[in-house]
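The values are calculated or read from the model by the stated rules, or taken from the named source; none is laboratory data. Only a predicted model underlies this, so the values are computations on that prediction, with no experimental measurement involved. Here the Cβ positions follow ideal geometry from the backbone for every residue, glycine too, while neighbour counts run over all protein chains shown. When the accessible area is computed, the model is the full protein with side chains, heavy atoms only, and any ligands, DNA or RNA have been set aside. Shrake-Rupley method; radii C 1.70, N 1.55, O 1.52, S 1.80 Å.
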Amino acid sequence: TFGQIKHRLGDNIIINMGLRYDEKKRHEGENIRSVSPRLSAVWIPNNNFDIKASYSQSFVDAPYWYRYNSLASYSGSRDLKPEYLKSLQLSPSFKFFDNRLISNSNIFYNQLNDFVYRDPKAKATEPKYRNAGSLNSVGFEQELAFIEKNYQLRGNLTYQYVLNGKDYPITGNSINNVPSLISNLIFDVNPF
């Protein structure tokens with residue numbers, strides 16, 4: 001079940017609160033019960049600027065494939081736990097030139113627990129997938145969009161910095177095998 005309340009406080013502030021309850025009956029093992037709250041506040045002082053602060057908590061169950069697979073190279077465990085994420089975000093947005101140039105930023109702190117990962121040190125008879133301990137990170141995302149009637153140009157850049165981790169391979173302030181800096185550029189055209 002999920003419930004949400006969105007309310008405008010005066011002309012410049014929007015409050016959004018949500019609560020989700022999940023109950024999952026697993027084929028084997030303990031069933032899962034989880035409450036996931038969400039809260040955000042948006043301040044809109046004018047048509048060209050707004051800033052949003054938010055907190056959310058969520059979960060994802062371990063994939064069925066990794067819990068019940070018997071193939072040697074993909075074996076997991078029936079005891080895999082769900083992954084849990086807590087996130088704090090601050091997201092300012094700016095609009096220029098009659099909303100044709102838009103800048104969206106996001107500063108975040110993520111706390112990830114019990115996430116499923118492939119254990120490179122697993123022996124032949126051990127599960128290849130298991131729950132890691134935790135991973136705490138901060139980061140910054142920036143998107144710039146230039147929007148015209150027949151085309152759009154969007155660029156995105158994301159940087160993630162690991163604060164600490166437990167029972168998961170990190171090197172310095174980077175997650176092993178995951179780039180700390182990611183970017184992309186998208187060009188959409190409507191010729192008609």
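Report the FRET efficiency, 1/(1 + (r/R0)^6), for GLU30 and TYR159, where r is their Cβ-Cβ distance and R0 is 25 Å, rounded to 0.05.
Numbers: r = 38 Å, r/R0 = 1.51.
E between GLU30 and TYR159, to the nearest 0.05, is 0.10.
What is the packing order of peptides 25-33, 43-51, taking the mean over residues of other C-beta atoms within 10 Å and listing the highest first?
Details: 25-33: 9.9, 43-51: 13.1.
Most protected by this proxy first, the peptides run 43-51, 25-33.
For ARG130, which sequence-distant residues (separation of 5 or more, or a different chain) have an amide H within less than 5 Å of its own amide H, given hydrogens modelled in the peptide plane?
For ARG130, the qualifying residues are TYR117, ASP119.
Rounded to the nearest 20 debye, what is the charge dipole size of the range 61-108 about its Cα centre when +1 sits on each Lys and Arg Cβ and -1 on each Asp and Glu Cβ? Intermediate results must be reported in sequence, preceding the final value.
Values: 6 positive and 4 negative charges, 8 e Å.
In debye, rounded to 20, the range 61-108 gives about 40.
Between ASN184 and SER56, how many nm apart are label points set 7 Å from Cα along the C-beta direction?
Result for the modelled spin labels: 1.7 nm.
Which value in deg cm²/dmol, rounded to the nearest 500, describes the helix-derived mean residue ellipticity at 222 nm for the chain, given -39,500 (n - 2.57) per DSSP H run of n ≥ 4 and division by the residue count?
Values: 1 runs with 5 residues, N = 192.
That calculation yields -500 deg cm²/dmol at 222 nm.
Between [x] 1.29; [y] 1.00; [z] 1.17, which matches Cα Rg over 2.2 N^0.38 Å calculated for the structure shown?
[x]
Per residue of the range 50-66, what does 6.51 cos²θ - 1.76 cosθ + 1.60 with θ = phi - 60° give for ³J(HN,Hα)? Whole Hz please, x for Gly and Pro, Karplus curve as stated.
With the stated coefficients, the range 50-66 comes to 8, 9, 10, 10, 8, 9, 8, 9, 8, 9, 9, 6, 4, x, 4, 4, 7 Hz.
At 0.36 nm per residue, and after removing the present C-alpha to C-alpha distance, how many nm does the segment from GLN152 to MET17 gain when stretched out fully? If you can, show how the numbers build up before the last one.
Details: separation 135, 0.36 × 135 = 48.60 nm, distance 3.26 nm.
Difference between extended and current length: 45.3 nm.
Each residue of the range 143-157 in order: what ³J(HN,Hα) in whole Hz does its phi give by Karplus 6.51 cos²θ - 1.76 cosθ + 1.60, θ = phi - 60°, with x for Gly and Pro?
In residue order, the calculated couplings are 10, 10, 10, 10, 10, 10, 4, 9, 7, 9, 10, 10, x, 9, 9 Hz.
What list of ³J(HN,Hα) values in whole Hz, one per residue of the range 18-35 in order, does the Karplus curve 6.51 cos²θ - 1.76 cosθ + 1.60 (θ = phi - 60°) give from phi, with Gly and Pro shown as x?
Result, rounded to whole Hz: x, 9, 10, 10, 10, 9, 10, 8, 7, 4, 9, x, 6, 6, 10, 10, 9, 10.
What does the charge count around SER105 come to, taking other residues whose C-beta lies under 11 Å from its C-beta (Lys +1, Arg +1, Asp -1, Glu -1)?
Values: positive: LYS52; negative: GLU141, GLU143.
Within the 11 Å Cβ shell, the charges total -1.
At 1.4 Å probe radius, can you tell me the per residue accessible area of the chain in Å²? Spell out each step's value before the answer.
Details: 12680 Å² over 192 residues.
In whole numbers, the chain has 66 Å² accessible per residue.
Remind me, relative contact order of the range 61-192 in percent, using alpha carbon pairs under 8 angstrom and six or more residues apart? Numbers along the way, then the final one.
On the way: 287 pairs, mean separation 25.2, N = 132.
Contact order relative to length: 19 percent.
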